[in-house]
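The values are calculated or read from the model by the stated rules, or taken from the named source; none is laboratory data. Because the structure is a prediction, the values reported are computed rather than measured. So basically every Cβ, Gly included, is an ideal-geometry build from the backbone, and we count neighbours across all protein chains shown. For the accessible areas, the whole protein counts, side chains as well, though only heavy atoms, and no ligand, DNA or RNA atoms are used. Shrake-Rupley method; radii C 1.70, N 1.55, O 1.52, S 1.80 Å.
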Amino acid sequence: MFAPSQLELLPAASVPALLAPDARAKARTLEFFTAHIRNPNTRKAYARAGQHFADWCARFGIGDVRQVQPVHVALYVEQLDLAAPSVKQRLAALRSLFDWLVVGQVMPINPAAAVRGPRYSVKTGKTPVLSASEVRDLVESIDAESLLGMRDRALIGTMVYTFARVGAVTRLRVEDVFTQRRRLWVRLDEKGGKGHEMPCHHRLEEWLYDYLEAAGIADDPGGPLFRSARAATDTLTSRPMSQADVYRMIRRRAEAAGIATAIGCHSFRATGITEYLLNGGKLEIAQQMANHESSRTTGLYDRRGDQIKLDEVERIGI
């Protein structure tokens, strides 16, 4: 059986018995996870879905993917004890995998095609956000005299002021910070391989200059911009920070600043968009800055309504 962590090693990894009744089915499944699914996060999520469904089928004596019928997929979906978005993701993974097997003539029909997932509609995202004053408190609580403090301040600032995803920030290289039109810019490699360039806010520009000078990495253009630290020291390695490293740093910094909101990496993207819109920014411009395909997606990050609710709830005179 394959584990999500093994998928980087495909085709050396094995495939669940359900999806490998013969050599052609096994090869087609491996092609799906290597040639067809390019995003590593999607690959891991779809791998978990495929493995979970294979384990479920094994409990019911289904050992060949060609035996799977729509009623089996419907029962599997019905028994998933997950939130609606997670159920829809699992179903989407199975539909995509089975489509690939149908095209490869492994299966006659896609048994997940006719199965409907749970209804789910959302107009506002659930990502925790901070107010402008909380972001200022967070940044001011960081020791700007230490190298790690300068790194963390510049990293947080990059997410806030460029609306960048954490994955794009951890992929930044030194050469991706460049001067254009007398201002500092960052070149982001966003989700789906979409390149995106953003000018730096004047505060971010200052923080990046301070960090680059203190880190002494300007002569390593191909090296990672935000580097991991050596254990219990104020020195950096040559390795990039991982998303897990960034999350741990954010939680540690938030706790030190006395911020009770359970923020994560994505909180700064949502916070930056919300504050931009609160200060008169336009949704269509925010969409371009966030590199979203649709303004509906950008709207999920717009949390201006939270303040309206907070103001109005105080009118309840009890």
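Some notes on this structure:
- Selection status of A47, within 19 Å of the chain's Cα centre (by Cα) and crowded, with 19+ Cβ neighbours inside 10 Å: yes
- Subset of region 261-318 [part of a helix (DSSP H, G or I), over 17 Å from P128 (Cα atoms) and at pLDDT below 80]: S295, R296, D311, E312, V313
- Positions within region 116-145 being among the hydroxyl-bearing types (S, T, Y), part of a loop (DSSP other than H, G, I, E, B) and either at pLDDT below 95 or surrounded by fewer than 12 Cβ atoms within 10 Å (Cβ to Cβ) (or both), in sequence order: Y120, S121, T124, T127, S131
- Here F60 does not qualify as open to solvent by less than 20 Å² (accessible area, probe 1.4 Å) and among the aromatic types (F, W, Y).
- Of all residues making up region 263-288, the number that are within 17 Å of the chain's Cα centre (by Cα) and among the hydrophobic types (A, V, I, L, M, F, W, C): 5
- Complete set of residues in region 149-167 that are over 15 Å from L208 (Cβ atoms) and part of a helix (DSSP H, G or I): V166, G167
- The single condition among (1) buried (at least 16 other Cβ atoms within 10 Å of the Cβ); (2) modelled with pLDDT under 90; (3) in contact with a Gly (Cβ under 9 Å, 6 or more places away or on another chain) that F33 does not meet is (2).
- Tally of residues being within 28 Å of R296 (Cβ to Cβ) and either in a strand (DSSP E or B) or basic (K, R) (or both) across region 168-180: 1
- If you filter region 219-259 down to residues that are farther than 14 Å from R151 by Cα and among the aliphatic types (A, V, I, L, M), you find that the one that is least open to solvent (accessible area, probe 1.4 Å) is A254.
- Where a residue in region 77-90 is on the phi < 0 side of the Ramachandran plot and its partner, wherever it lies, is among the charged types (D, E, K, R) and part of a helix (DSSP H, G or I), with Cβ under 7 Å and at least six apart: L80/R90
- For L75, the stated conditions do not hold, so it cannot be described as more than 22 Å from A113 (Cβ to Cβ) and either at pLDDT 90 or above or polar (S, T, N, Q) (or both).
- Index of the failed condition, G117 passing every other in (1) closer than 27 Å to T233 by Cβ; (2) in contact with a Leu (Cβ under 8 Å, 6 or more places away or on another chain): (1)
- Options L172, L188, L155; residue that is modelled with pLDDT of 95 or more, crowded, with 17+ Cβ neighbours inside 10 Å and either touching an Asp or Glu at 6+ places or on another chain (Cβ under 9 Å) or closer than 22 Å to G281 by Cβ (or both): L172
- Within region 150-192, the set of residues being in contact (Cβ under 8 Å) with a residue 40 or more places away in the chain, under 29 Å from H36 (Cβ atoms) and not hydrophobic (A, V, I, L, M, F, W, C) comprises R165, G167, T170, R171, R173, D176, E190, K191, G192.
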